[in-house]
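Let me begin by presenting the structure, written as structure tokens, before commenting on it.
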Amino acid sequence: MIHSSEMEKEERILTFIESMSAGNTVLLNEMEKKALAEGIPIIRPQTQSLIRFLLAAERPMRILEVGTATGFSACLMHTYAPEGAKIVTIERDQERAKRARENFALAGAADDITLLEGDAAEILGTLKGRFDFIFMDAAKGQYIHFLPEVLRLLELQGILLTDNIFKGGEILSSRFAVKRRDRTIHSRMREYLEALRNNEEMQTLLLQEGDGAAVSVRVKPAEDKI
Ligand SMILES: C[S@@+](CC[C@H](N)C(=O)[O-])C[C@H]1O[C@@H](n2cnc3c(N)ncnc32)[C@H](O)[C@@H]1O
């Protein structure tokens with residue numbers, strides 16, 4: 001059990017970390033504000049910092065995102081990836097996809113971002129070539145089903161970033177302490193993290209950033225030919 005003084009300390013640390021963050025461009029700040037006002041679930045500031053850092057360290061030229069929403073994180077990645085980097089992003093909600101296209105045009109990123117509309121469960125299997133950065137930010141319960149295709153598509157030394165792994169802390173609870181309707185997602189997320197941990201081709205680090213993030217690096221080549 002966490003005492004309130006410990007929680008206060010954690011909050012103060014979080015506030016300090018955020019105040020030390022470099023922040024985003026004005027355009028991204030506006031996009032973020034708009035998305036939040038409309039209740040679009042976009043990545044939190046800590047995850048944004050993590051992505052900016054990983055892109056600076058990894059310098060990926062081919063990026064894949066599962067879960068575009070209205071394109072905030074794709075625009076963020078476009079802003080902080082090396083010039084000439086190409087992004088493929090997948091979204092199944094038509095209205096959000098439309099809004100994302102508008103945002104890509106606004107950000108001058110339309111030539112570098114390809115939006116694929118439809119269910120990632122079907123689209124991932126059709127993708128060719130490898131990506132050196134993959135951002136998984138769609139329906140949490142589906143990550144375990146996406147994993148084989150995502151791993152097939154990940155380049156050697158490439159990074160797979162998975163967002164929201166803690167699901168607001170629920171992942172720490174026993175399966176039975178979680179509300180019935182959330183149990184499937186809970187057990188599938190655990191299954192996903194265990195699959196990453198047990199995969200000898202990958203090294204995975206779990207971080208507290210945002211709602212929890214898993215950063216996985218491919219350390220051995222994928223066996224499948226693509
Ligand atoms: C958390 S939001 C993505 C936020 C976005 N990455 C950002 O930070 O700006 C998750 C999105 O994934 C989409 N999604 C969920 N499951 C999907 C699937 N199987 N295929 C394609 N899109 C999916 C949802 O429609 C939703 O818009």
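The values are calculated or read from the model by the stated rules, or taken from the named source; none is laboratory data. Source: prediction; values computed, not measured. So basically every Cβ, Gly included, is an ideal-geometry build from the backbone, and we count neighbours across all protein chains shown. Keep in mind that these areas ignore ligands, DNA and RNA; they rest on the heavy atoms of the full protein, side chains included. Shrake-Rupley method; radii C 1.70, N 1.55, O 1.52, S 1.80 Å.
What share of the DSSP beta bridges in segment 4-218 is antiparallel, in percent to the nearest 5? Spell out each step's value before the answer.
Values: 11 of 30 bridges.
Antiparallel: roughly 35 percent of the beta bridges in segment 4-218.
Applying 0.36 nm per residue to the separation of residue 7 and residue 207 and subtracting their alpha-carbon distance, the gain on full extension is 70.2 nm. Taking all protein chains as they are arranged and a probe of 1.4 Å, the heavy atoms of residue 5 leave approximately 80 Å² accessible to solvent.
In square angstrom, what is the accessible area per residue of segment 185-226 with a 1.4 angstrom probe?
59 Å²
Scalar couplings 3J(HN,Hα) for segment 81-90, obtained by applying the Karplus form with A = 6.51, B = -1.76, C = 1.60 to θ = phi - 60°, are 7, x, 4, x, 5, 10, 10, 10, 9, 10 Hz; x denotes Gly and Pro. Per the Debye formula with a single identical scatterer at each Cα and no solvent contribution, what log10 I(q)/I(0) holds for the chain at q = 0.11, 0.12 Å⁻¹? Each listed q corresponds, in turn, to -0.55, -0.66.
For the set 33/128; 9/34; 34/98, the pairs lying more than 23 angstrom apart at their alpha carbons are 33/128; 9/34.
Extending 7 Å from Cα along the Cβ direction at residue 217 and again at residue 152 yields two label points whose distance is 2.6 nm. Rounded to the nearest Hz, the phi-derived 3J(HN,Hα) couplings of segment 116-124 under the Karplus curve 6.51 cos²θ - 1.76 cosθ + 1.60 (θ = phi - 60°) are 9, 8, x, 7, 4, 4, 8, 6, 3, where x marks glycine and proline.
Applied to segment 192-204, the Karplus parametrisation 6.51 cos²θ - 1.76 cosθ + 1.60 on θ = phi - 60° returns per-residue 3J(HN,Hα) values of 4, 5, 5, 4, 5, 4, 8, 8, 6, 7, 10, 10, 10 Hz, with x for Gly and Pro.
If you roll a 1.4 angstrom probe over the protein chains with everything in place, what fraction of the accessible area of segment 4-218 belongs to carbon and sulfur, to the nearest %? Display every interim value, and only then the final one.
Working: 5810 of 11170 Å².
The computed percentage sits at 52.
Using 1/(1 + (r/R0)^6) with R0 = 25 angstrom and r between the beta carbons of residue 86 and residue 40, what's the FRET efficiency to the nearest 0.05? Efficiency at R0 = 25 Å is approximately 0.55. Of 26, 150, the residue with the largest accessible area leads and the full order is 26, 150 (1.4 Å probe). Be a star and scan segment 61-75 for residues whose amide nitrogen sits under 17 Å from the point 7 Å along the Cα-to-Cβ vector of residue 105. Only 70-72, 75 pass the distance filter. Rolling a 1.4 Å probe over the protein chains gives residue 18 an accessible area of about 90 Å². Per-residue accessible area (protein heavy atoms, 1.4 Å probe) orders 184, 204, 47 as 184, 204, 47, starting from the largest.
Test of understanding: what is the full-extension gain from residue 19 to residue 61, defined as 0.36 nm times their sequence separation minus their Cα-Cα distance? Before the final figure, lay out the partial values.
Numbers: separation 42, 0.36 × 42 = 15.12 nm, distance 2.97 nm.
Residue separation times 0.36 nm, minus the Cα-Cα distance, leaves 12.1 nm.
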